[in-house]
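Q: Sharing a structure with you now.
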Amino acid sequence: MLHITLPDGSVREYPAPVSVGDVARSIGEGLGRAALAGHVSFDGEKPKLVDTSFNIDRDASLAIVTAKDADGLDLIRHSTAHLLAYAVKSLFPDAQVTIGPVIENGFYYDFSYKRPFTPEDIDAIEKKMAELARKDEPVVREEWRRDDAVQFFKGKGEHYKAEIIASIPQDQTISLYREGEFVDLCRGPHVPSTGRLKVFKLTKVAGAYWRGDSHNEMLQRIYGTAWATREEQKAYLTMLEEAEKRDHRKLGRDLDLFHFQDEAPGLVFWHPKGWAIWQQVEQYMRAVYRDNGYEEVKAPQILDLSLWKKTGHWDNYAENMFTTESENRVYGLKPMNCPGHVQIFKSGLHSYRDLPLRYGEFGQCHRNEPSGSLHGLMRVRGFTQDDGHIFCAEDQLLDECAAYTRLLRKVYADFGFNDILYKVSTRPEKRIGDDAVWDKAEKALMDSLDQMGCEYAISPGEGAFYGPKIEYTLKDAIGRQWQCGTIQVDFSMPQRLGAEYVDADDMRRAPVMLHRAILGSLERFIGMLIEHHAGAMPAWLAPEHAVVCCISEHSLRYAQETTITLKKQGFRVISDLRGEKITRKIREHSMQKIPYILVVGEKEREAGTIAVRQRGGVDLGVMPLAEFSQRLRHEIDARV
């Protein structure tokens, strides 16, 4: 008899080999209809995700996967990507298919075609996908010899697919999936039939180079989203509409904050109002450094390549580094600040009594990001980090990590983010340092989160090459997630660079180094702030706190005096003295999302008052200037 153990611990017996789908149906008709795949484990091995057609021929553990599971939703999206390719080939037979992976909230597929796809084409493709889904054709896995698969796709004119298969080692079995007339290369698994794909929508078309190389052909990438229910998709599409309104690139133009241009790809031109936001963020973080035991430092922008080789960056990160030469020496433009901080630490002899020693820097870094990955402020080639490094003894590690999480919560709350997700990223395959050191580092991070009462996920293999890390992810006003802060435990780099302190026994030891950034890239964080607040920055961050508008020439001088008074009190205030109608002035400044519009006319001048309108069209009425100043000061100080 064949024994299959289910997640609840129960065991089912079968007289012969049985498919995952048959097991699901034997448990219940409802589960049989809902089953998309299964997690199968033999002899206690790591579970493997397989199709419902997978045959279990010996004792195993099995968990049925449905659309309610995260893996089930990924399966739906992966299979919908193939459905997209099926539809494109049905409508445009001479189009070539390339790759179509799952991405966050959806999928894409890249195509080579003789002309750009039009909006009308996309509508037709989506309708064809729905038609093919209604046919409920089985999705069948087939195993082929590699060379036979290469010849098959070459014969169909699918040269990209043939190239992908030819790059696979010859002794490997190739899996193809067939649905109706369409056959595609895929590792799988997939949903049992196209009828399981009911909720999807194509969202946009973009260009993408074959294999990400700008020397290759530009392909057409069709993006889509797919969900288990229509309600989930509707909520997601509504979020996309709201995200489009909040796009920091559009708001950056509309509010005159910054711009980009071709002569400096991936580098930001900050305008006065955008730089005012930057200054508020930087000065706030400078106060955080000061109030939490950090000493601010500044390290060089370029360092000799030999130093980057010692740290391991050159072996692990060379493709992302800019280099330059001078007097027969090669230098690396720093992609991160840590080696410079180690040099500052080791410039003098430190005692254990000096530890922990905390350095902070607003360090400008450069990374050679591919041009196709650049995205406004969110992905740039030149950026500034609120970077910090803590040098401590091993027995101080837990307290420092816990204190950092406590500090980070306070900072994020001040910027308007109160929902934080925590993830511990553990040792990657490509790393430096032995396993015993990694064990200590990973345990310290997990214990610190436990001490703070934080629930966290584990992300295996996602740590930096020199140490594990905690990643802090923020949820914004419309539910999107942004990975932001991080803290990384590093036993290796200080030792590699010869950093030491003298312990209580007068012995020299290498400190533990904590790499940490709260905001990460200031550019990216400001982009997040713009989108989170939809450009309507809280008063303490706003480029301008208020604008004073005169109704007529008779109140012009009073408007100027009011502006000067508020500026002397430290507020960022401008005046609008144009001869335009007051309604037009109010409308224009409302569009600029200024927190307060102050209107002054003859009555206000005579009474020494101002009429106050709050952002959002709220009329606060007439009040003395001193009362408004007090209100604004409280709002700024409280970071409402």
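The values are calculated or read from the model by the stated rules, or taken from the named source; none is laboratory data. Note that the structure is predicted; figures quoted are calculated from it, not measured. Positions of Cβ are backbone-derived with ideal geometry, glycine not excepted, and every protein chain shown enters the neighbour counts.
Q: In the range 356-405, which residue that is among the polar types (S, T, N, Q) and out of contact with any strand residue (DSSP E or B) (no Cβ under 6 Å at 6 or more places or on another chain) is modelled with the lowest pLDDT?
A: Taking the range 356-405 first, the residues among the polar types (S, T, N, Q) are 364, 368, 371, 373, 384-385, 396, 405.
Pick out the ones that are also out of contact with any strand residue (DSSP E or B) (no Cβ under 6 Å at 6 or more places or on another chain) and you get 371, 396, 405.
Numbers: SER371: 81, GLN396: 95, THR405: 96.
Step by step, filter the range 356-405, then rank; the result is SER371.
Q: Which pairs have Cβ atoms under 9 Å, sit 6 or more apart or on different chains, and link a residue in the range 184-199 that is among the hydroxyl-bearing types (Ser, Thr, Tyr) to one that is assigned to a strand (DSSP E or B)?
A: Cβ pairs passing all conditions: SER193/PRO138; SER193/GLU179; THR194/PRO138; THR194/GLU179.
Q: Another question, if that's okay. Among the residues of the range 65-83, is any in contact with a Phe, Trp or Tyr (Cβ under 7 Å, 6 or more places away or on another chain) and farther than 19 Å from GLY195 by Cα?
A: Looking through the range 65-83, none of the residues is in contact with a Phe, Trp or Tyr (Cβ under 7 Å, 6 or more places away or on another chain) and farther than 19 Å from GLY195 by Cα.
Q: On to the next question. Specify the residue that is surrounded by the fewest Cβ atoms within 10 Å (Cβ to Cβ); the eligible residues are those in the range 562-610 that are part of a strand (DSSP E or B) and under 43 Å from the mean Cα position of the chain (by Cα). First the steps, then the outcome.
A: The first filter runs over the range 562-610 and keeps only residues part of a strand (DSSP E or B), leaving 573-576, 596-600, 609-610.
Within this subset, residues satisfying the condition of being under 43 Å from the mean Cα position of the chain (by Cα) are 573-576, 596-599.
Details: VAL573: 22, ILE574: 17, SER575: 21, ASP576: 20, TYR596: 26, ILE597: 25, LEU598: 26, VAL599: 22.
Among those residues, the one meeting the criterion is ILE574.
Q: Restricting the range 515-561 to residues that are within 19 Å of SER590 (Cβ to Cβ) and among the β-branched types (Val, Ile, Thr), which is surrounded by the most Cβ atoms within 10 Å (Cβ to Cβ)?
A: We begin by selecting, within the range 515-561, every residue within 19 Å of SER590 (Cβ to Cβ); these are 530, 533-539, 541-551, 559.
Applying the additional criterion that residues be among the β-branched types (Val, Ile, Thr) yields 530, 547-548, 551.
Numbers: ILE530: 27, VAL547: 24, VAL548: 25, ILE551: 19.
Restricting to residues being within 19 Å of SER590 (Cβ to Cβ) and among the β-branched types (Val, Ile, Thr), the top hit is ILE530.
Q: Identify the single condition in (1) under 30 Å from LYS440 (Cα atoms); (2) touching a helix residue (DSSP H, G or I) at 6+ places or on another chain (Cβ under 9 Å) that ARG508 does not satisfy, given that it satisfies every other one.
A: (2)
Q: State which residue is surrounded by the most Cβ atoms within 10 Å (Cβ to Cβ) when the search covers only the range 1-35 and only residues that are touching a residue at least 40 places away in the same chain (Cβ under 8 Å) and touching a Phe, Trp or Tyr at 6+ places or on another chain (Cβ under 9 Å).
A: VAL20
Q: Give the residue, chosen from VAL205, VAL191, VAL183, that is in a loop (DSSP other than H, G, I, E, B) and closer than 21 Å to SER90 by Cβ. Steps first, please.
A: Values: VAL205 fails: in a loop (DSSP other than H, G, I, E, B); VAL183 fails: in a loop (DSSP other than H, G, I, E, B).
Step by step, each of VAL205, VAL191, VAL183 is checked, and only VAL191 is in a loop (DSSP other than H, G, I, E, B) and closer than 21 Å to SER90 by Cβ.
Q: In the list LEU267, LEU305, LEU355, which residue meets the criterion of being within 30 Å of ARG211 (Cα to Cα), among the hydrophobic types (A, V, I, L, M, F, W, C) and more than 23 Å from the chain's Cα centre (by Cα)? It would help to see each step written out before you state the result.
A: Numbers: LEU267 fails: more than 23 Å from the chain's Cα centre (by Cα); LEU355 fails: within 30 Å of ARG211 (Cα to Cα).
Among LEU267, LEU305, LEU355, only LEU305 is within 30 Å of ARG211 (Cα to Cα), among the hydrophobic types (A, V, I, L, M, F, W, C) and more than 23 Å from the chain's Cα centre (by Cα).
Q: Report, by residue number, each residue of the range 501-526 that is among the charged types (D, E, K, R) and touching a Leu at 6+ places or on another chain (Cβ under 8 Å).
A: GLU523, ARG524
Q: Pick out, from the range 1-52, the strands (runs of 3 or more DSSP E) lying fully within it that include 2 or more residues that are of a type in the set (A, V, I, L, M, F, W, C).
A: Numbers: elements: 2-5, 11-14, 37-41, 48-51.
In the range 1-52, the matching strands (runs of 3 or more DSSP E) lie at 2-5, 37-41, 48-51.
Q: Please pick out the residue among LEU355, LEU377 that is surrounded by 17 or more Cβ atoms within 10 Å (Cβ to Cβ) and either closer than 25 Å to ASP505 by Cβ or without any contact (Cβ under 8 Å) to a residue 12 or more places away in the chain (or both).
A: Details: LEU377 fails: either closer than 25 Å to ASP505 by Cβ or without any contact (Cβ under 8 Å) to a residue 12 or more places away in the chain (or both).
The unique qualifying residue is LEU355.
Q: Of these, PHE417, PHE391, which one is of a type in the set (Phe, Trp, Tyr), touching a residue at least 12 places away in the same chain (Cβ under 8 Å) and assigned to a loop (DSSP other than H, G, I, E, B)? Walk me through how you get there before you give the answer.
A: Values: PHE391 fails: assigned to a loop (DSSP other than H, G, I, E, B).
Unique residue meeting the criteria: PHE417.
Q: Now, a different point. Of all residues in the range 130-163, count the ones that are free of Cβ contacts under 8 Å to residues at least 24 places away in the same chain and surrounded by 17 or more Cβ atoms within 10 Å (Cβ to Cβ).
A: The qualifying residues number 2.
Q: Restricting to the range 36-48, and then to whatever is out of contact with any Lys or Arg (no Cβ under 8 Å at 6 or more places or on another chain) and modelled with pLDDT of 95 or more, can you tell me which residue is surrounded by the most Cβ atoms within 10 Å (Cβ to Cβ)?
A: First, pick out the residues of the range 36-48 that are out of contact with any Lys or Arg (no Cβ under 8 Å at 6 or more places or on another chain): 37-38, 43-48.
With the extra rule that they be modelled with pLDDT of 95 or more, the set shrinks to 37-38.
Working: ALA37: 28, GLY38: 25.
Among them, the one singled out is ALA37.
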